[in-house]
1. Sort out which residues of segment 73-105 are closer than 22 Å to residue 127 by Cα and in a helix (DSSP H, G or I), and write them in order of number.
2. Among the candidates 81, 110, 117, 93, single out the residue that is touching a residue at least 12 places away in the same chain (Cβ under 8 Å), over 15 Å from the mean Cα position of the chain (by Cα) and surrounded by fewer than 19 Cβ atoms within 10 Å (Cβ to Cβ).
3. Going through 26, 20 one at a time, which residue ends up being farther than 18 Å from residue 104 by Cα, touching a Lys or Arg at 6+ places or on another chain (Cβ under 9 Å), of a type in the set (Gly, Ala, Ser) and not in a loop (DSSP other than H, G, I, E, B)?
4. Within segment 43-77, how many residues turn out to be closer than 18 Å to residue 10 by Cβ and loosely packed, with under 14 Cβ neighbours inside 10 Å?
5. Just checking, which of 96, 68, 90, 60 is touching a strand residue (DSSP E or B) at 6+ places or on another chain (Cβ under 7 Å) and of a type in the set (Ser, Thr, Tyr)?
6. Of the residues 33, 48, 53, 42, which single one is basic (Lys, Arg), in a helix (DSSP H, G or I) and touching a residue at least 24 places away in the same chain (Cβ under 8 Å)?
7. What residue, of 22, 35, is modelled with pLDDT of 95 or more, closer than 15 Å to residue 121 by Cα, crowded, with 20+ Cβ neighbours inside 10 Å and within 16 Å of the chain's Cα centre (by Cα)?
8. Answer yes or no as to whether residue 105 is farther than 25 Å from residue 34 by Cα, under 16 Å from the mean Cα position of the chain (by Cα) and buried (at least 17 other Cβ atoms within 10 Å of the Cβ).
Amino acid sequence: MCEAREALDSYSGPAQEKSAAIATGADMAPFMRRIAGWAQERHDVRLRIYEVRNDFFGQTVTVAGLLTGRDLIGQLKGKVREGPLLLPATMFRENTETTLDGLALEDIARELRVPCRKVAVDGYSLIGQLMGEENGETTGSDCRQA
């Protein structure tokens, strides 16, 4: 979370995205809401956070890495009205754009009728996507020690 704050503070120009949506599991939703507040304060970027319940593995599984494409579509269809919808890379099989239940990123985008992007699960990549950095990747110091 510190990475996101540091990345937001490092940008001085306008954000490429003035609004976006983020889907995540229950574990990260409170942190993502905090990041959304910072993005609004610092860069007038409106982030809508969608907490997705894990129906496939059970509601006690609260990490984004075990969310399925069908859970995402089932809970967000008709709710996400603006994009892009940013999805954590951990939702997808390694080095692919396919979820654990076999849905492709493009299938999710088509079903939800909103552009979807896979984003690495670090604050720099998330903010980089919003601000327009190529591949959504920025660099910074490791502020976990602070």
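1. 89, 90, 91, 105
2. On the way: 110 fails: touching a residue at least 12 places away in the same chain (Cβ under 8 Å); 117 fails: over 15 Å from the mean Cα position of the chain (by Cα); 93 fails: touching a residue at least 12 places away in the same chain (Cβ under 8 Å).
Checking each option against the conditions leaves just 81.
3. Details: 26 fails: not in a loop (DSSP other than H, G, I, E, B).
Result: 20 is the single residue among 26, 20 that is farther than 18 Å from residue 104 by Cα, touching a Lys or Arg at 6+ places or on another chain (Cβ under 9 Å), of a type in the set (Gly, Ala, Ser) and not in a loop (DSSP other than H, G, I, E, B).
4. Adding up the residues that qualify gives 1.
5. On the way: 96 fails: touching a strand residue (DSSP E or B) at 6+ places or on another chain (Cβ under 7 Å); 90 fails: touching a strand residue (DSSP E or B) at 6+ places or on another chain (Cβ under 7 Å); 60 fails: touching a strand residue (DSSP E or B) at 6+ places or on another chain (Cβ under 7 Å).
On inspection, the qualifying residue turns out to be 68.
6. Numbers: 33 fails: touching a residue at least 24 places away in the same chain (Cβ under 8 Å); 48 fails: in a helix (DSSP H, G or I); 53 fails: in a helix (DSSP H, G or I).
Unique residue meeting the criteria: 42.
7. Details: 35 fails: modelled with pLDDT of 95 or more.
Result: 22 is the single residue among 22, 35 that is modelled with pLDDT of 95 or more, closer than 15 Å to residue 121 by Cα, crowded, with 20+ Cβ neighbours inside 10 Å and within 16 Å of the chain's Cα centre (by Cα).
8. Details: farther than 25 Å from residue 34 by Cα: yes; under 16 Å from the mean Cα position of the chain (by Cα): yes; buried (at least 17 other Cβ atoms within 10 Å of the Cβ): yes.
Spelling it out, residue 105 is indeed farther than 25 Å from residue 34 by Cα, under 16 Å from the mean Cα position of the chain (by Cα) and buried (at least 17 other Cβ atoms within 10 Å of the Cβ).
The values are calculated or read from the model by the stated rules, or taken from the named source; none is laboratory data. This structure is a prediction, so every number in the text was calculated from the model and none was measured. So basically every Cβ, Gly included, is an ideal-geometry build from the backbone, and we count neighbours across all protein chains shown.
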